[in-house]
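To start, the structure under review is shown below, and the notes come after it.
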Protein chains: 2
Amino acid sequence: MHMKKKHGVILTVLIILLSTALIGLVMAQKPEVPSAPNGITIPDGYKNWRLISSTHRTDNNTLRVILGNDIAVQAARSGSTYPWPDGSILAKLVWKDTAHEQWPTATIPGTFVHAEFMIKDAKKYAATGGWGFARWLGMEQKPYGKDADFVQECYNCHTPMKRNDYVFTHPAITP
Amino acid sequence: MHMKKKHGVILTVLIILLSTALIGLVMAQKPEVPSAPNGITIPDGYKNWRLISSTHRTDNNTLRVILGNDIAVQAARSGSTYPWPDGSILAKLVWKDTAHEQWPTATIPGTFVHAEFMIKDAKKYAATGGWGFARWLGMEQKPYGKDADFVQECYNCHTPMKRNDYVFTHPAITP
């Protein structure tokens, strides 16, 4: 075999091997969830947070579970939620209604709709009641909102709850 | 003051002081939750467990959240729930429906009804599908059942779910 041709084959094989390894590495990594249009990033490990409450909405047929980070859960359990302390994060996980196959009067979580968050920082988010809002849609976790102004929609909807620090959630009572 | 009378006064004061201290001590301790009639004790710290699912039942107007211990949550998230591994504990927290004061089409948790548990041990609980059942009623956490036979009621109700390892709960899907 001609020397130049041999070098060419080795180079080609090397490129293929390296590319395969690189693609493997990239695919093994969890794809990063894009930030919300207002710069808020999705809170780490929110699925492991503790329970604050649960709701069922018949206007849009969704089941919801509200989890909180440690600061929020401590505030909820000690009744210190007016105002919620800075650093509190409330996570609301939302699913479309489905009927239980064996118990038709039981509504269970079907398709995952979105995860939405309220992050308390009285100073940073003073313009929206002290809360930073963000939402990620569906299993693909697509950030909600065309631009940073989407928070006006959140804030307007939460304004009737001003006397509850803009929060709809009432922590569920437990023994 | 007569000597005998003085002793009597001192004794009375001492008794009052000691009783007050004793009552204080007893009240400071958390009252222990009695075991279920089948000997199952209420799992420690179940309120801090992670989320598995949530349901709303319109036949008895209750909202329910299902939490799991680490073994159960790992099984749920990896889809290894047929059968659930030994050591899995499912906790179901149940509240009476209440309407949200500002959002009438939202049902929120009202009065706490009970916490009920399924504890997986295929050998120990072979007679009831491999699950130990227990329930504690209300805020006072009164054990459910007159005697150990109460589990027959649980088991009978769960039998239609035999093909799902006797479990009604379907873990909620999340990203």
Nearest-first distances (nm) between copies at B:P85, label 7 Å from Cα via Cβ | 3.5
Take the alpha carbon atoms of segment A:73-134, find their center, do the same for segment B:44-123, and report the distance between the two centers in whole angstrom.
-> 17
Measuring from the longest principal axis of the C-alpha atoms of chain B, the long axis of helix B:3-28 (C-alpha) lies at a number of degrees, nearest 10, equal to 10
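Nearest 100 Å² is fine: what is the total accessible surface buried where chains B and A meet, probe 1.4 Å?
3900
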So which residues in segment A:123-146 end up with at least 50 square angstrom less accessible surface once the other protein chains are there, compared with the chain by itself, probe 1.4 angstrom?
-> A:M139
What is the mean projected area of the alpha carbon convex hull for the protein assembly as shown, to one decimal in square nanometres?
-> 32.6
Under a Gaussian network model of chain B whose springs join Cα atoms within less than 10 Å, the largest fluctuation of B:I42, B:I66, B:I15 belongs to B:I15
Hydrodynamic radius (Kirkwood) for chain B, which is based on Cα pairs only, to one decimal in Å = 19.0
So, with a 1.4 angstrom probe, what is the percent of accessible area on segment A:97-175 that is carbon and sulfur?
-> 56
Distance (nanometres) between label positions extended 7 Å along Cα→Cβ at B:D147 and A:T174 | 3.4
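Would you kindly state how much longer the chain becomes between B:L11 and B:D59 on full extension, computed as 0.36 nm times their sequence separation minus their alpha carbon distance, in nm to one decimal?
11.2 nm
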Positive minus negative residues near B:N38 (Lys, Arg vs Asp, Glu; Cβ under 9 Å) = -2
Among A:L93, A:L67, A:L51, determine the one that fluctuates most according to a GNM of chain A built with springs between C-alpha atoms less than 10 Å apart.
-> A:L51
Non-local amide H neighbours of A:R50 (under 5 Å, H modeled in plane, Pro and chain starts lacking H): which ones?
-> A:G68
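The values are calculated or read from the model by the stated rules, or taken from the named source; none is laboratory data. Predicted, not measured: the structure shown is a model, and the values here were computed from it. All Cβ positions, glycine included, derive from the backbone under ideal geometry; neighbour counts span all protein chains shown. With ligands, DNA and RNA removed, areas are computed over all heavy atoms of the protein, side chains included. Shrake-Rupley method; radii C 1.70, N 1.55, O 1.52, S 1.80 Å.
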